[in-house]
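The values are calculated or read from the model by the stated rules, or taken from the named source; none is laboratory data. Model, not experiment: these values are computed from the prediction. Here the Cβ positions follow ideal geometry from the backbone for every residue, glycine too, while neighbour counts run over all protein chains shown. Side chains included, ligands, DNA and RNA excluded: accessible areas come from the protein's heavy atoms. Shrake-Rupley method; radii C 1.70, N 1.55, O 1.52, S 1.80 Å.
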Amino acid sequence: MDTVDHEKIFRAAWEDQANTTYELPPLDVNQVLADRYELASPLTFTRTMLWDMETRKARRPDIYIPYVVTGDAQAWGEGDVFVRKSRQRLWLRPEADGLVLEQTHLDHANQVVTFIGAAELPGPTGELLHAGTEQPIFHVEHGTAGTEERPLNTWRIVHLTEAPDPRFAEVFDRIAADPQLPGFVEIYIRDVLGIELTRR
């Protein structure tokens, strides 16, 4: 599979002042669990678990972010570099959706997943796919930080715009203000670890 330098492309886009960037504060998973949840069994959520969740979510966003992905997702390519397509809710009009195409890289050494959005990419059988045009193309980094016993979930996004668009910051400010865990962490705890949890 033809590939790109995912990290270099993301870094260049992030540093381009015409683009629209946003970085969520690092999320202390265990602190939020202690503050906001009742669990059926004791749990220390580890960095290993968090990275396992990120690698699963990279290939199956329909399972881990069903509140964003509106239908089946598909990924093709072996190993740590692959292409992903999914229909996702638009950031500014969540009642509508569009096709998102992403070139994906799992960096196990640094525990970062980089998604490079594209306007068009070959599909799994060679047909040319075209992303939706209702919002700018975007690149995303998901990752883990912190220690094994106190992992931090990290996330940042850059939209390829002609000038910074504050409307996107308003959307992500609301996400950052949510005191609960992201849905994908709840899903992993419940469905992979087999531990029921209830929001306080």
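Mind jotting down the distance between the C-alpha centroids of segment 134-161 and segment 73-120, whole Å?
Cα centroid to Cα centroid, the span is 12 Å.
When the helices in the chain are scored as -39500 (n - 2.57) per DSSP H run of 4 or longer and the sum is shared across all residues, what 222 nm value do you end up with, to the nearest 500 deg cm²/dmol?
-7000 deg cm²/dmol
With point charges of +1 on the Cβ of Lys and Arg and -1 on the Cβ of Asp and Glu, referenced to the Cα centre of the chain, which listed residue (GLY143, VAL100, GLN31) lies farthest in the positive direction of the dipole?
Most positive-ward Cα: GLN31.
Stretch LYS8-ARG174 to full length: gain in nm at 0.36 nm per residue minus the Cα-Cα span?
56.9 nm
Residue separation times 0.36 nm, minus the C-alpha to C-alpha distance between GLN31 and ALA109: what's the value?
Full extension of this stretch gives 25.6 nm more.
Does anything in segment 101-120 have its amide N under 13 Å from the 7 Å Cα→Cβ label point of THR133, and if so which residues?
The answer is 119-120, whose backbone nitrogens lie closer than 13 Å to the label point.
Run the dipole for segment 1-100 about the Cα centre, Lys and Arg Cβ at +1, Asp and Glu Cβ at -1, nothing else charged, and hand back the magnitude in debye, nearest 20.
So the dipole magnitude of segment 1-100 works out to roughly 260 debye.
Give me the percent of accessible area attributable to carbon and sulfur for the chain, probe 1.4 angstrom.
Carbon-and-sulfur percentage of accessible area, whole number: 51.
With Cβ to Cβ distances under 14 Å as the rule, what net charge do the other residues near ASP107 carry (K, R +1; D, E -1)?
Once positives and negatives cancel, what remains is -3.
For segment 71-195, what's the relative contact order in percent, using C-alpha pairs closer than 8 Å and at least 6 residues apart?
Relative contact order comes out at 15 percent.
Please give the net charge around PHE172, taking every other residue with its beta carbon less than 12 angstrom from that of PHE172, where Lys and Arg add +1 and Asp and Glu add -1.
Charge balance in the 12 Å sphere: -2.
Can you pull the percent of Cα pairs in segment 1-134 with separation above 22 Å?
48 percent
May I ask you to give the solvent-accessible area per residue for segment 116-200, in square angstrom, as obtained with a 1.4 angstrom probe?
Result: 52 Å² per residue.
Mind ranking HIS139, HIS105 by accessible surface for me, highest first, 1.4 Å probe?
HIS105, HIS139
Could you give the dipole magnitude of the chain about its Cα centre, charging the beta-carbon of Lys and Arg +1 and that of Asp and Glu -1, in debye to the nearest 20?
Here the size comes out at about 440 debye.
With Cβ to Cβ distances under 15 Å as the rule, what net charge do the other residues near ARG87 carry (K, R +1; D, E -1)?
Net local charge, ARG87 excluded: -1.
In terms of solvent-accessible area of protein heavy atoms at a 1.4 angstrom probe, what is the ranking of HIS159, HIS142, highest value first?
If we order HIS159, HIS142 from most to least accessible, we get HIS142, HIS159.
Could you pull out which residues in segment 91-132 have an amide N less than 11 Å from a spot 7 Å beyond the Cα of THR70, following the Cα-Cβ vector?
From segment 91-132, the list is 91, 93-100.
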